[in-house]
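Have a look at the structure below, then the notes.
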């Protein structure tokens, strides 16, 4: 969701790169997000891309009050995962590779800690 919001789209390859999942798992996750109305599917087969739906964009303004700011608990809830799993599996690796940064970098345990994306990647392969 964050990637689709930041880049305007996400495809299976990009999703796999960011999450470390296999092709079928990535397809299942993207289909789930499409089925609940958060992503719109465009194209078929290898050319399939998913774009943030208008409903998700509108909801995002309520869920994420500041542009490109994400709260771990909210992400965990949206993805149906627990916070610790999300932290260990996704957030920390994205921080380590400088794709995400802490909103409060001097205090990772800050009670209002959130994350924001770092720059915009043009490499969608």
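The values are calculated or read from the model by the stated rules, or taken from the named source; none is laboratory data. Fair warning: this is a prediction, and the values are worked out from it, not measured in the lab. Every residue, glycine among them, receives a Cβ derived from its backbone with ideal geometry; neighbour counts consider all protein chains shown.
General observations
- Candidate set: segment 68-87, residues that are in contact with a helix residue (DSSP H, G or I) (Cβ under 9 Å, 6 or more places away or on another chain), within 19 Å of residue 101 (Cβ to Cβ) and not in a helix (DSSP H, G or I); chosen: the one modelled with the highest pLDDT: 71
- When restricted to residues that are exposed (fewer than 11 other Cβ atoms within 10 Å of the Cβ) and modelled with pLDDT of 80 or more, segment 113-125 contains 0.
- The set of residues from segment 88-107 being in a loop (DSSP other than H, G, I, E, B), out of contact with any helix residue (DSSP H, G or I) (no Cβ under 9 Å at 6 or more places or on another chain) and surrounded by 15 or more Cβ atoms within 10 Å (Cβ to Cβ) comprises just one member, 103.
- Complete set of residues in segment 35-48 that are on the phi < 0 side of the Ramachandran plot and either surrounded by fewer than 15 Cβ atoms within 10 Å (Cβ to Cβ) or part of a strand (DSSP E or B) (or both): 35, 36, 39, 40, 41, 42, 44, 46, 47, 48
- Scanning segment 49-67 for residues that are within 14 Å of the chain's Cα centre (by Cα) and either modelled with pLDDT of 90 or more or part of a strand (DSSP E or B) (or both) yields 50, 51, 52.
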